[in-house]
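The values are calculated or read from the model by the stated rules, or taken from the named source; none is laboratory data. Model, not experiment: these values are computed from the prediction. Cβ placement follows ideal geometry from the backbone for every residue including glycine, while neighbour counts extend to all protein chains displayed.
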Amino acid sequence: MPSFRGELLDALRSRLGIEGRFSVPFHHESQGLLGSLCKAIPPSGISCFLCSIRAQRGETQPNGYSASEMVYNKKMRGLLTIMRDTWTGRDPMVEWKNMSTVEYMEQLNREHT
């Protein structure tokens, strides 16, 4: 990325008080944010934390989609979404599989353990 490290841009960044960070754009791991957060989370919570990071939309995603939406082309249903849909009676699994998401997950666990 030598085109972003020229003297003119360095002077402009300095004048505007902007710190230059050179890493993979829009990638939270490349700037050490994820590593510092994971140190504060117990090992049993890491998978839930990573799942929530992948489902997050925000300023780190330039197009407004989460990482999982860009990969799978649909919204990720986390535990809170599943619980809300179950409680409000809007569980899409009922129409698709004729059973709730909870029942479907229990069936998958029985079949694969």
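If only residues of the stretch 2-21 that are surrounded by 10 or more Cβ atoms within 10 Å (Cβ to Cβ) and of a type in the set (A, V, I, L, M, F, W, C) are counted, the one that is modelled with the highest pLDDT is ALA11. For the stretch 23-39, the count of residues that are under 30 Å from TYR104 (Cβ atoms), touching a helix residue (DSSP H, G or I) at 6+ places or on another chain (Cβ under 8 Å) and at pLDDT 65 or above is zero.
The lone criterion from (1) out of contact with any helix residue (DSSP H, G or I) (no Cβ under 9 Å at 6 or more places or on another chain); (2) hydrophobic (A, V, I, L, M, F, W, C); (3) at pLDDT 80 or above left unmet by MET70 is number (3). Of all residues assigned to the stretch 50-57, none qualifies as being modelled with pLDDT under 80 and on the phi > 0 side of the Ramachandran plot.
Here is the figure for the stretch 55-113: residues that are part of a helix (DSSP H, G or I) and in contact with an Asp or Glu (Cβ under 9 Å, 6 or more places away or on another chain) total 8.
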